[in-house]
Structure formats: C-alpha cells, structure tokens
Amino acid sequence: MISQREPTDKSHIRDTAVYMNIDVKRTTYIIVLRLSLKRVTMQTITRFGVSIEPDLLEKFDRTMKKKRYSNRSEAIRDIIRQHLINEHVKDPNANVIGTLTMVYDHHSGPLVDRLLEIQHDHYQEILTTTHIHIDHDTCLEVLVLKGKTRNIKKLADTIKSMKGIKHGELVVTQQTS
Ligand code: NI
C-alpha cells in the first residue's frame, strides 16, 4: 500500500455549506449543497495499491532516499511524469522545448564559423544562446531550443558530431503539460 499525502489546502471546507430542510410530515427532504468553485475544480487524488517484490522495494527506497524524496508517492509521481515526458518527446512531430549544452575548443579549425552558420540556419528553433569562456581555450555554450522533436534532434546531432565538440548534451521536455 502506498502512503499518500492528503491535499494540504483545506480552504474548500470553509466554503462548503450544507442546508437541510426536513419536513417529516410530508416526508420530503430538501438538501442544498453549496460548494465553492475551488472545491469543484480541485484535482482529486487517487490512491492505488502496488504489488512489488520486497527486495525491489528495498532498492527503490534506498534510491528514493538518496534522491531526497520524503515519501514514495512523490517519487512515484515524478517517475510517472518522467515516463510520460519521455514517451511524448519520442514522437518526431511533438512540440518540445529544451537545451543543448556543448563544450568545445574555439581553436578547433573552422568550428566556430561552422557553428555560427548552423545556428543561423536554425534561427527558428533557437530562442537564445549563452556563451561562457571557461578558460583560455575552452568554451561552454548553451542553446535554448523550441520546435518539433525531429528538427531539434537533427540540429543537436549535427552539432554534437562536429569535430572539436568535446561534449554535447540535449535535454528536452514537452512544451505544455
Ligand atoms: Ni569562448
């Protein structure tokens, strides 16, 4: 059984009024429920049970504590969200947003010119760029990207495979939840 926190916002209870008018002779019951809009729109939490081998659960709990989760529910919710995002961004036509982080030596032949050229070719996908000079030779550059998975991955792969790029990492998420 998974322990789960109740929603902490209890303000809807304050706004809930119940009026009862009971006419016993007529045996009619009129019940008026006035619920606040907040109560109606508040997302409910569903509890569910999970069957799991003890040793697997033990490993999960160890990892969960290492990652600073205070309870299993929060950890499981994050894993589910991550899984859904991973599935979403797999679709070549999905709208994604993310970053490409790269490290390179700016002395590496025509790399800088080529990088600029590629970025101008993809101005529609690149929202912004940040360049930091790490030391005399090395640069860290971050591109903030937005567009279809297909185009973003193609751009990232083109840059990452260029001679002189020491490290490149693409991180994407879905544009809206
Ligand atoms: Ni630099």
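Of the strands (runs of 3 or more DSSP E) that lie entirely inside the range 78-148, those containing 3 or more residues that are surrounded by 15 or more Cβ atoms within 10 Å (Cβ to Cβ) span 95-105, 138-148.
Contact map, the range 106-123: first residue over 19 Å from Ile152 (Cβ atoms), second residue surrounded by 11 or more Cβ atoms within 10 Å (Cβ to Cβ) and among the hydroxyl-bearing types (Ser, Thr, Tyr), Cβ cut-off under 7 Å, separation 6 or more or different chains; pairs are Leu111/Tyr104.
Which residues, taken from the range 121-150, are polar (S, T, N, Q) and within 16 Å of the ligand (Cβ to nearest atom)? Break it down stepwise before answering.
First, pick out the residues of the range 121-150 that are polar (S, T, N, Q): 124, 128-130, 138, 149.
Answer for the range 121-150, where residues must be polar (S, T, N, Q) and within 16 Å of the ligand (Cβ to nearest atom): Thr129, Thr130, Thr138.
Residue count for the range 28-64, restricted to those that are charged (D, E, K, R) and modelled with pLDDT of 95 or more: 6. Only a single item in (1) within 26 Å of Lys67 (Cβ to Cβ); (2) within 16 Å of the ligand (Cβ to nearest atom) is not met by Val112, and it is number (1).
The values are calculated or read from the model by the stated rules, or taken from the named source; none is laboratory data. Just so you know, these numbers come straight off a predicted model, no measurement behind them. Glycine also receives a Cβ, built like all others from the backbone with ideal geometry; neighbour counts cover every protein chain displayed.
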